[in-house]
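The values are calculated or read from the model by the stated rules, or taken from the named source; none is laboratory data. Since we're looking at a predicted model, the values are computed, not measured. Cβ placement follows ideal geometry from the backbone for every residue including glycine, while neighbour counts extend to all protein chains displayed. When the accessible area is computed, the model is the full protein with side chains, heavy atoms only, and any ligands, DNA or RNA have been set aside. Shrake-Rupley method; radii C 1.70, N 1.55, O 1.52, S 1.80 Å.
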Amino acid sequence: MRVMVLGGYGNFGARISRALAGSPSIELLVAGRDGLAAQNFVETIPARDRVRGVAVDMHSSDFSRVLADLNVELLIHTAGPFQGQDYAVARACGQAGAHYIDLADGRRFVCDFAPALDAEFKALDRVAICGASTVPALSSAVVNALCAGWQTVETIDICIAPAQTAPRGVATMRAVLGYCGEAIQVWRNGQWQSLTGWGDPQPVEIRGLKARLGSPCDIPDLELFPSHYAVRNRVEFRAAVEVTLAQRVFAAMAWLRRHRAFPNPAALAGALNAGAKCFDPFGSALGGMVVRVSGKGVDGNSLKRSWHIAADHDHGPEIPCMAAILLARKLASGQRFTAGAYPAMGLVALEEFSPEFAKWGMVTQVVEER
């Protein structure tokens, strides 16, 4: 299968390109606006016999024709941030007869994806998968594993804790600051309530990591999970940066913006991303994630479980790439998916991630909690 990674030499795209380059069932196109940069990146890949760099512009009016001329069968869209993007890239894939996967974690982008595109991709007999990243692809895989056989799910709490020194990009910073100080709708006490993005830091425990403070962030799971898992009480997501002072800075910006005393922090993404390096001496290369669930098991007894992952040596950014890699390999090997457009929930089982975790020395564990 000829696979194009759009943004294929960027922060996440480069990781996906390296992983897919060695797949015998894939011919890879590393794509971006700068063809020279794409080809220079290709030269750094050891297994590059079936890999080449190409220059494409996803904003061009003839993008679908370009995809068709290149005989692209699957496009993996990594050129975020997805907050504020429309579905032009996905539609171009459909028009070119290609499947589509993206790494989107923007709430509206992911949650509105299926209503906007499902009928179109069903008619084309093609697959469009949105959110093939840490959320909701991996997070749903974890919840499915933890709650298998349960009668009811009461709560789902997720926290991602990146390493301070892990590579970060301006696009990612702009995305996460987009809702700093904004009201986030969350399912709490069995009803929709508002929390302030990046406000109200609370202690979070992740096995293998030092205690951190986590603040509410806006992700698709907050909207998808309450109905999908019939959650009775709460679905919340928090992000916990490693340096407490940095977390407090985010919380202060959130408070100021909520009270209209500070402009949109996303406009300062470049400066804040550069300034974040000042905190590197106080942090480490260790990051992680935790998913906690509670509910009633098959026998009606109350249960609470958590799944933890610790990623050292700045390997944490590999995690958002894993679902797209696994899905691309499945498609390239001939596995059939239901035609249509839908979020990446339940498409990859947790055990399928295990070889990827092991490859990067990541440690996972499931804990039965009180």
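Couple of notes before you dig in:
- For first residues located in segment 269-280 and touching a residue at least 12 places away in the same chain (Cβ under 8 Å), partners that are surrounded by fewer than 17 Cβ atoms within 10 Å (Cβ to Cβ) and not in a helix (DSSP H, G or I) and lie 6+ apart or on another chain with Cβ distances below 9 Å form the pairs Asn273/Gly169.
- Here Asp49 meets the list (1) farther than 21 Å from Met345 by Cα; (2) open to solvent by less than 40 Å² (accessible area, probe 1.4 Å); (3) modelled with pLDDT under 95 almost entirely, failing just condition (2).
- Of all residues in segment 245-260, none satisfies being open to solvent by less than 20 Å² (accessible area, probe 1.4 Å) and of a type in the set (Val, Ile, Thr).
- Just one of (1) under 27 Å from Arg107 (Cβ atoms); (2) among the hydrophobic types (A, V, I, L, M, F, W, C); (3) open to solvent by less than 20 Å² (accessible area, probe 1.4 Å) fails for Leu272. It is (3).
- Restricted to segment 62-120, and to residues there that are among the polar types (S, T, N, Q) and in contact (Cβ under 8 Å) with a residue 60 or more places away in the chain, the residue that is farthest from Ile325 (Cα to Cα) is Gln83.
- Selected residue [touching a His at 6+ places or on another chain (Cβ under 8 Å) and open to solvent by 50 Å² or more (accessible area, probe 1.4 Å)] from Glu73, Glu120: Glu73
- Candidates Leu222, Leu213: the one that is at pLDDT 95 or above, open to solvent by 20 Å² or more (accessible area, probe 1.4 Å), among the aliphatic types (A, V, I, L, M) and under 22 Å from Asp157 (Cα atoms) is Leu213.
- Test: residue in segment 36-45 that is part of a loop (DSSP other than H, G, I, E, B) and either over 24 Å from His315 (Cα atoms) or among the small types (Gly, Ala, Ser) (or both): no
- Candidates Gly149, Gly131 - the one that is open to solvent by 50 Å² or more (accessible area, probe 1.4 Å) and within 20 Å of Ala349 (Cα to Cα): Gly149
- All of Ala98, Ala175, Ala104 fail the test of being touching a Leu at 6+ places or on another chain (Cβ under 9 Å) and either closer than 23 Å to Phe357 by Cα or crowded, with 20+ Cβ neighbours inside 10 Å (or both), apart from Ala98.
- With respect to (1) of a type in the set (Val, Ile, Thr); (2) under 29 Å from Arg174 (Cα atoms); (3) touching a Lys or Arg at 6+ places or on another chain (Cβ under 7 Å), the lone exception for Val72 is condition (2).
- Residue within segment 25-42 that is in contact with a Phe, Trp or Tyr (Cβ under 8 Å, 6 or more places away or on another chain), on the phi < 0 side of the Ramachandran plot, surrounded by 23 or more Cβ atoms within 10 Å (Cβ to Cβ) and hydrophobic (A, V, I, L, M, F, W, C) present: yes
- Strands (runs of 3 or more DSSP E) contained in segment 88-172 and holding at least 1 residues over 30 Å from Val66 (Cβ atoms): 152-161
- Gly10 more than 15 Å from Asp102 (Cα to Cα) and either of a type outside the set (S, T, N, Q) or not in a strand (DSSP E or B) (or both): no
- Of the residues making up segment 79-95, just one is farther than 12 Å from Ala128 by Cβ and open to solvent by less than 20 Å² (accessible area, probe 1.4 Å), namely Phe82.
- Among the residues of segment 295-319, those identified as open to solvent by 20 Å² or more (accessible area, probe 1.4 Å) and either within 15 Å of Cys159 (Cβ to Cβ) or at pLDDT 95 or above (or both) are Lys296, Ser302, Leu303, Lys304, Arg305, Asp312, His313, Asp314, His315, Gly316, Glu318.
Let's see how each residue does on (1) within 18 Å of the chain's Cα centre (by Cα); (2) open to solvent by less than 50 Å² (accessible area, probe 1.4 Å); (3) more than 20 Å from Gly214 (Cβ to Cβ):
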{"position": "Gly288", "(1), (2), (3)": "yes, yes, no"}
{"position": "Leu327", "(1), (2), (3)": "yes, yes, yes"}
{"position": "Ala332", "(1), (2), (3)": "no, yes, yes"}
{"position": "Ala341", "(1), (2), (3)": "yes, yes, yes"}
{"position": "Ala344", "(1), (2), (3)": "yes, yes, yes"}
{"position": "Val348", "(1), (2), (3)": "yes, yes, yes"}
{"position": "Phe353", "(1), (2), (3)": "yes, yes, yes"}
{"position": "Phe357", "(1), (2), (3)": "yes, yes, yes"}
{"position": "Thr364", "(1), (2), (3)": "no, no, no"}
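- Residues being modelled with pLDDT of 95 or more and either assigned to a loop (DSSP other than H, G, I, E, B) or open to solvent by 40 Å² or more (accessible area, probe 1.4 Å) (or both) - total across segment 13-24: 1
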